[in-house]
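The values are calculated or read from the model by the stated rules, or taken from the named source; none is laboratory data. Note that the coordinates shown come from a computational prediction; the quantities given were computed from them, not determined experimentally. Here the Cβ positions follow ideal geometry from the backbone for every residue, glycine too, while neighbour counts run over all protein chains shown.
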């Protein structure tokens, strides 16, 4: 390996570690602030109760919108619902929301076709996942909904573009997503139990991991698809 190439790799590694540590530190501070806010659960829940039926409805619609448009991971809304409503109700609202969004995504793909889906998802990402999921059956998509690090929202659009049965795949999506939603809502419901230093580490580590996932998303998704293929 040439000296210039080694120097470039060394600089890239130093930059990668530096950004990781910076995000970890920023997340640690944010975690401490978040913990102080979360400990006042009664005040937050009183505000939610004052919203009446609009609170759960808003939660369901936000989860549905996340499937269609938002680049925010759906687990974030699961954490919020668990904190606000507890495990059972939070999971129910999260599930209803993502199922509504899944039905809309599949329907849009089936009835309005590729041009609209390309606008919503992005041409490069849709083409890549179209290639990865081509000629795949229900079992493949079920694992996409179950396993982490895979874009289950894109999977819904692909199902709509495929000849697969939408009602059957919609039910598979509901089954596959349920375990992740239960876990996210359980974590949210128990958010006030860990001490501040644990919250600081969790938020800091999560922020750094989100950055790493965004940087190496394509590679990680392709590795997960290989695991599914086996």
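Within the stretch 152-163, the only residue that satisfies the criterion of being touching a helix residue (DSSP H, G or I) at 6+ places or on another chain (Cβ under 7 Å) and surrounded by fewer than 20 Cβ atoms within 10 Å (Cβ to Cβ) is 161.
Taking only the stretch 117-138 into account, find how many residues are loosely packed, with under 14 Cβ neighbours inside 10 Å, under 17 Å from residue 226 (Cα atoms) and free of Cβ contacts under 8 Å to residues at least 12 places away in the same chain. Adding up the residues that qualify gives 3. Residue 144 meets the conditions (1) crowded, with 21+ Cβ neighbours inside 10 Å; (2) within 30 Å of residue 52 (Cα to Cα) in every case but one. The failed one is (2).
Residue by residue, here is whether (1) crowded, with 16+ Cβ neighbours inside 10 Å; (2) assigned to a loop (DSSP other than H, G, I, E, B); (3) modelled with pLDDT under 75 holds:
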site: 177; (1), (2), (3): yes, no, no
site: 187; (1), (2), (3): yes, no, no
site: 199; (1), (2), (3): yes, no, yes
site: 207; (1), (2), (3): yes, no, yes
site: 210; (1), (2), (3): no, no, yes
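Entry remark, the stretch 87-121: residues being at pLDDT below 85 and within 18 Å of residue 179 (Cα to Cα) number 0 in total.
Checked against the criterion of being closer than 22 Å to residue 218 by Cα, assigned to a helix (DSSP H, G or I), without any contact (Cβ under 8 Å) to a residue 40 or more places away in the chain and in contact with a helix residue (DSSP H, G or I) (Cβ under 9 Å, 6 or more places away or on another chain), the stretch 93-111 contains not a single residue that satisfies it.
Restricting to the stretch 41-69, name every residue that is buried (at least 16 other Cβ atoms within 10 Å of the Cβ) and modelled with pLDDT under 65. Within the stretch 41-69, 48 is the sole residue that qualifies.
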